[in-house]
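Here the structure is laid out as structure tokens; the discussion comes afterwards.
Where a number appears in this text, it was derived from the coordinates with a stated rule and is not lab data. Everything numeric in this text was worked out from a predicted model, so none of it was measured. Glycine also receives a Cβ, built like all others from the backbone with ideal geometry; neighbour counts cover every protein chain displayed.
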Amino acid sequence: ETGVTQTPRHLVMGMTNKKSLKCEQHLGHNAMYWYKQSAKKPLELMFVYNFKEQTENNSVPSRFSPECPNSSHLFLHLHTLQPEDSALYLCASSQISRGESYTFGSGTRLTVV
Amino acid sequence: DAKTTQPPSMDCAEGRAANLPCNHSTISGNEYVYWYRQIHSQGPQYIIHGLKNNETNEMASLIITEDRKSSTLILPHATLRDTAVYYCIVRVAKYGGATNKLIFGTGTLLAVQP
């Protein structure tokens, strides 16, 4: 397995459910990111983790809770979501440097019913 | 990070070169120009980046004007699989910290026509 892997690919959940999105990178990178992409909107940066430490929370509601147990894994824990949270959730990783590039996963398509 | 301006959409005939423009008139001396693309409902894919000089790789060429206020991404022989949204992003070339975040705009939807 290479690159950035996200599971599940699709998720349907009720507003009272608790679920988690998983991201794993096999690139030896030291930074990981969560992005949200709603229909017809640009990608929105949600969280940034550098060396397992959260360095950016872009005013994300507390019903989204990230976790980075090590530099290869990133989770997004979801609880009491709203229908407007339905979106494509993308994970990315990079090796911090002056001119690094990001590698993105294929995303999790989340539908909140 | 400096703002970028891109046309919302462009068409290109299959087999021809696709030239995607980007304006970044407020770019600073320490900011890179990055290009990514996103094929429908997939994660964005890195294409190329540059600071001052023109760059070329197996996917594309990046031409940056001498004053660095605009750039052009060139796909030399566009195929139907190049149909995607192309993002031009300007980002500080600085090690680590909060400066390593990548902020996407609305991009250019390139439609390659058969």
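Quick rundown of the values:
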{"item": "Members of region A:32-45 that are among the aliphatic types (A, V, I, L, M) and either surrounded by fewer than 20 Cβ atoms within 10 Å (Cβ to Cβ) or facing chain B (nearest Cβ under 9 Å) (or both)", "result": "A:Ala39, A:Leu43, A:Leu45"}
{"item": "Residue tally, condition assigned to a strand (DSSP E or B), surrounded by 14 or more Cβ atoms within 10 Å (Cβ to Cβ) and in contact with a Phe, Trp or Tyr (Cβ under 9 Å, 6 or more places away or on another chain), over region A:73-113", "result": "16"}
{"item": "All positions within region A:30-44 that are in contact (Cβ under 8 Å) with a residue 40 or more places away in the chain and either touching a Phe, Trp or Tyr at 6+ places or on another chain (Cβ under 9 Å) or part of a strand (DSSP E or B) (or both)", "result": "A:Asn30, A:Ala31, A:Met32, A:Tyr33, A:Trp34, A:Tyr35, A:Lys36, A:Gln37, A:Leu43"}
{"item": "Residue match in region A:15-28 (condition: over 16 Å from B:Gln38 (Cβ atoms), touching a strand residue (DSSP E or B) at 6+ places or on another chain (Cβ under 8 Å), among the basic types (Lys, Arg) and part of a loop (DSSP other than H, G, I, E, B))", "result": "no"}
{"item": "Residue identified as aliphatic (A, V, I, L, M) and closer than 15 Å to A:Glu100 by Cα among B:Ile27, B:Ile47, B:Ile74, B:Ile39", "result": "B:Ile47"}
{"item": "Pairs where the first residue, in region B:27-47, is more than 10 Å from chain A (Cβ to nearest Cβ) and the second is of a type in the set (A, V, I, L, M, F, W, C) and outside any strand (DSSP E or B), C-beta under 6 Å, 6+ apart", "result": "B:Ile27/B:Ala2; B:Glu31/B:Ala2"}
{"item": "Answer from B:Leu51, B:Leu109, B:Leu102, B:Leu80 - the residue that is in contact with a Phe, Trp or Tyr (Cβ under 9 Å, 6 or more places away or on another chain) and more than 27 Å from A:Glu56 (Cβ to Cβ)", "result": "B:Leu109"}
{"item": "Residue list for region A:45-69, restricted to those being assigned to a loop (DSSP other than H, G, I, E, B) and of a type outside the set (Ser, Thr, Tyr)", "result": "A:Phe51, A:Lys52, A:Asn58, A:Val60, A:Pro61, A:Arg63"}
